[in-house]
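J.: Just passing along the structure, written as structure tokens.
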Amino acid sequence: ATATETITVSEVVESSRIMQDLVAYYPFTEGSGSTVQDQSAAGSPMDLTITGSVDWNPAENAAVMSGGRVGTVAQATKVIDALKATNQSSFEMWISADNLSQSGPARMMSVGSDPSKQNFVLGQVYNDVEIRLLHTGKDSNNKPRLTTSNNFLTTNLTHIVHTYDGATERLYVNGVQHPTTVVLTGNYSNWDVSDKFNIGNEGSSDRPWYGTVYLVAVYDRALSPEEVTQNFDAGPDAGGI
């Protein structure tokens with residue numbers, strides 16, 4: 001008789017990120033140097049320059065922000081033009097804040113030039129997050145703004161996504177939608193085309209945020225709740241599809 005042996009093989013498939021309609025993508029894999037590369041493969045790369053107090057953490061594919069700035073030298077034409085063409089957006093970050101005493105709001109990410117002129121701000125205000133998104137339905141101060149409450153932010157590794165579909169702003173943390181929304185129809189025709197793209201500080205370098213950045217991405221459409229969850233499940237070190 002011939003013996004038959006059965007072998008069971010288990011395969012672990014890692015979750016992949018959503019790459020469709022990605023405009024800019026920064027996974028912070030460089031580990032050294034003064035440039036953070038746009039790895040989105042969408043159009044011409046919009047690479048970012050490191051200025052001031054920013055240190056690499058190559059073991060975690062991350063940059064430690066200590067008062068410096070990672071951003072464009074000139075206007076963020078690639079992102080601004082893409083979002084003005086669709087009048088939608090998704091801004092995504094994997095971060096961990098150093099502390100919960102920062103305000104201003106301290107700029108985790110922005111498309112702006114100085115504290116009084118921004119197209120978009122994702123900022124920390126103590127335990128919470130404030131979103132300043134400019135569109136034609138709002139006043140010149142980006143109001144009404146989406147602001148969290150109830151100690152939204154911690155110092156743990158956190159996944160944050162803000163989306164706007166032309167009518168509703170939504171905010172997600174660790175794959176779950178925050179109950180606060182802003183329902184207001186508008187478009188991005190009033191965006192300032194001279195604004196810069198900034199991580200960890202404002203374009204004028206006077207709104208520093210202290211913490212670690214692992215990943216930043218911008219899409220020219222609103223990600224669905226399922227897509228946000230997929231990116232969260234993929235984690236800060238996942239590659240694209």
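J.: Go through segment 108-119 residue by residue and turn each phi into a ³J(HN,Hα) via Karplus (6.51, -1.76, 1.60, θ = phi - 60°); whole Hz please, and just put x for glycine and proline.
T.: Calculated HN-Hα couplings, in order: 6, 7, 7, 10, x, 10, 7, x, 9, 9, 9, 7 Hz.
J.: Follow-up question, since we're still on this one. Apply the Karplus curve 6.51 cos²θ - 1.76 cosθ + 1.60, θ = phi - 60°, to the phi angles in segment 28-45 and return the couplings in whole Hz, x for Gly and Pro.
T.: Karplus values, whole Hz, x for Gly and Pro: 6, 9, 5, x, 6, x, 10, 10, 10, 7, 7, 9, 7, 6, 9, x, 6, x.
J.: Can you list residues whose amide H is under 5 Å from Asn87's amide H, if they're 5+ apart or on another chain and H is modeled 1.01 Å from N?
T.: Tyr188
J.: Nearest 10 degrees, 0 to 90: what angle lies between the long axis of helix 77-86 and the longest principal axis of the chain (Cα atoms)?
T.: The helix 77-86 is inclined about 90 degrees to the chain.
J.: Also, I was wondering about something else. What is the sum of charges around Leu83, taking Lys and Arg as +1, Asp and Glu as -1, for the other residues whose C-beta is under 13 Å from the C-beta of Leu83?
T.: Net charge around Leu83: -3.
J.: Roll a 1.4 Å probe over the protein chains and send me the accessible area per residue for segment 162-241 in Å².
T.: 37 Å²
J.: Further question on the same structure: Tell me, what HN-Hα J-couplings in whole Hz come from the Karplus equation 6.51 cos²θ - 1.76 cosθ + 1.60 at θ = phi - 60° for each residue of segment 62-71, using x for Gly and Pro?
T.: Karplus values, whole Hz, x for Gly and Pro: 8, 10, 9, 8, 10, x, x, 9, 10, x.
J.: Using alpha carbons only, how many degrees (0 to 90, rounded to 10) separate the axis of helix 225-234 from the longest principal axis of the chain?
T.: That works out to roughly 60 degrees.
J.: So, one more: For a distance above 27 Å, tell me the whole-number percent of Cα pairs in the chain that qualify.
T.: Counting every Cα pair in the chain, those more than 27 Å apart make up 30 percent.
J.: Oh, and also: For Lys138, go through the aspartates and glutamates and keep the ones whose alpha-carbon is under 12 Å away, minus same-chain ones fewer than eight residues off.
T.: none
J.: Show the residues, 5+ positions off or on another chain, whose built amide H is closer than 5 Å to the amide H of Lys196.
T.: Here the answer is Ala76, Gly112, Ser113, since their amide H atoms fall under 5 Å of that of Lys196.
J.: Given a 1.4 angstrom probe, I'd like the percentage of the accessible area of the chain that is carbon and sulfur, rounded to a whole number.
T.: Here it works out to 47 percent.
The values are calculated or read from the model by the stated rules, or taken from the named source; none is laboratory data. Here the structure is a predicted model, which is why all the values come from computation and not from measurement. Because the Cβ atoms are built from the backbone with ideal geometry, glycine has one as well, and the counts that use them run over all protein chains shown. Ligands, DNA and RNA are stripped out before the accessible areas are found, and what is left, the full protein with its side chains, is counted by its heavy atoms. Shrake-Rupley method; radii C 1.70, N 1.55, O 1.52, S 1.80 Å.
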